[in-house]
Amino acid sequence: MSDLDTRFKQAADDAQQLPERPDNDTMLTLYALYKQGSQGDVSGDKPGFFDFVGVAKYEAWQKRQGMSQDEAKQKYVELVESLKG
C-alpha cells in the first residue's frame, strides 16, 4: 500500500471522528472526493428526481469526472486535515 493510500484510509477514519459536522457543501465535497479516490469516475444511473440527497451526491461526484484517483485522494486528505483544525 502506498503512502498516499495509507493517508487516504487514515483520513477516511478521521472524517468519521471530526469534532463537529461540516456543512452540507463540505459533506458533498468529502463524499465526491472519497468516491473519486476510491472508485474513479462516476458510474451507474443517476438517482430519480425525488431522491434529492442521492442526486446531490451523484452530481457532486460527477463534477470530479476525469480527476485522477491519486489527485482526489490527495485533495480528500488535505480537506480532512483542514477540518480537523
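Just so it is clear, none of the values below were taken in a lab; they were calculated from the coordinates. This structure is a prediction, so every number in the text was calculated from the model and none was measured. With ideal geometry, Cβ positions are generated from the backbone for all residues, glycine too; neighbour counts draw on all protein chains shown.
Within the chain, the chymotrypsin sites (Phe, Trp or Tyr not before Pro) that combine a DSSP coil assignment with at most 16 other C-beta atoms in a 10 angstrom radius are Phe49, Phe50. Measure nothing but the geometry: give the 0 to 90° angle between the long axis through the Cα atoms of 69-84 and the longest principal axis through the Cα atoms of the chain, rounded to 10°. Helix 69-84 and the main axis of the chain meet at about 70 degrees.
Listed by chain and number, the lysines whose C-alpha is less than 23 Å from the C-alpha of Lys84, apart from same-chain residues fewer than 8 away, are Lys9, Lys35, Lys57, Lys73, Lys75.
Would you mind counting up the charge near Asp25? Only other residues with Cβ under 13 Å from its Cβ, with Lys and Arg at +1 and Asp and Glu at -1. Computed value for this residue: +1. Using only Cα atoms, locate the centre of region 23-64 and the centre of region 4-18, then give the distance between them in Å, rounded to an integer. Each part's Cα centre sits 19 Å from the other's. If only the Cβ of Lys and Arg carry +1 and only the Cβ of Asp and Glu carry -1, the dipole of the chain around its Cα centre is close to 100 debye.
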